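Report on one structure; see the data block that follows.
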Amino acid sequence: MPRKLIAGNWKMNLAPSEVGAYAALLKERAAEAVEKVDLLVCPAYPALPLALAAFDESPVMVGAQNMHQELSGAFTGAVSGEMLIDLGIEWVILGHSERRHVFGEDDQLILQKLQRALELEMRPILCVGELLEEREGGRTEEVLRRQFKLTLGELEPKELKRLTLAYEPVWAIGTGLTATPETAQEAHELLRGLLREKLNEDAAETRILYGGSVKPANAADLLAQDDIDGVLVGGASLDPDSFAAIAASAPR
Ligand code: PGA
């Protein structure tokens, strides 16, 4: 079983000038937790160089929140995977629900980004998850199967092994509503089954994170579920104390 991964998605928060104080505190507060879990923070692009410097020689890893599917060219405002690698970034979140639903990214585009990230030997975290109306309409399984098939269906087992999956029910993101550990486990079990169809017993090696209003108060119960291999934390990752408390609540 891989170590649990506790990942923080800062979204459009924390300016470069705030990174130093954040890193100093997190390194202190999470000093014990990093012995048992992997810790990753994903700042906004302008804060990446400072975050890399601040976590240099620390086990805390630094990743990006998105990337463009092309390597370079006339794409005003975009950042390529090659640029991230040049900076020393391997981890990248792809297909986050805000990219899908606020910025209009579809499965086709997310697949292109995923293929590029894998070609560049990056470590993508692919997010999937259903909307509230899809859950209420009893369509969660259908949505997860569709997102899995459209984004991961064509990938080779070798490529799938570089991937981390994140199950993030859209209705639980930033809303304070969390999936119960049982509801989350059910979705994770389904995703594990889909991975198993491609990877057989190696499917246990691919981490499946849960995301959506994870906080210190609910993290331990979520992380205790068989198929929850970590968490992707938005709001609660902005405070080093609560992010460290989430990491500390993970079982070994
Ligand atoms: P949240 O965000 O923890 O603030 O709900 C999770 C995410 O968007 O990854």
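Here, each number is a calculation from the coordinates, and none is a lab measurement. The model shown is predicted, which means the values in this text are computed figures rather than measured ones. Methodologically, a virtual Cβ is constructed for each residue, glycine included, from the backbone with ideal geometry; neighbour enumeration extends over all protein chains shown.
Structural remarks
- Within region 113-137, the set of residues being surrounded by fewer than 16 Cβ atoms within 10 Å (Cβ to Cβ) and either over 23 Å from residue 176 (Cβ atoms) or of a type in the set (Phe, Trp, Tyr) (or both) comprises 119, 121.
- Figure legend. Inter-residue proximity from region 164-176: first residues farther than 14 Å from residue 143 by Cα, second residues within 7 Å of the ligand (Cβ to nearest atom) and in a helix (DSSP H, G or I), beta-carbon distance below 7 Å, spacing 6+ or different chains. Indicated pairs: 173/97; 174/235.
- Per the conditions (1) acidic (Asp, Glu); (2) part of a helix (DSSP H, G or I); (3) closer than 30 Å to residue 146 by Cα, the sole criterion not satisfied by residue 86 is (3).
- Region 175-213 - residue that is within 15 Å of the ligand (Cβ to nearest atom) and at positive phi and, of those, surrounded by the most Cβ atoms within 10 Å (Cβ to Cβ): 212
- Odd one out for residue 75 among (1) crowded, with 19+ Cβ neighbours inside 10 Å; (2) without any contact (Cβ under 8 Å) to a residue 60 or more places away in the chain: (1)
- Selection within region 108-156 - of a type outside the set (Val, Ile, Thr) and within 16 Å of the ligand (Cβ to nearest atom): 124, 126, 127, 129, 130, 131, 132, 135, 147
- Output for region 96-107, where each listed residue is within 16 Å of the ligand (Cβ to nearest atom) and within 18 Å of residue 165 (Cβ to Cβ): 96, 97, 98, 99, 100, 105
- Within region 225-249, the set of residues being closer than 14 Å to residue 8 by Cβ and part of a loop (DSSP other than H, G, I, E, B) comprises 234, 238, 239.
- Condition check for residue 222: within 15 Å of the ligand (Cβ to nearest atom), in contact (Cβ under 8 Å) with a residue 12 or more places away in the chain, assigned to a helix (DSSP H, G or I) and crowded, with 21+ Cβ neighbours inside 10 Å: yes
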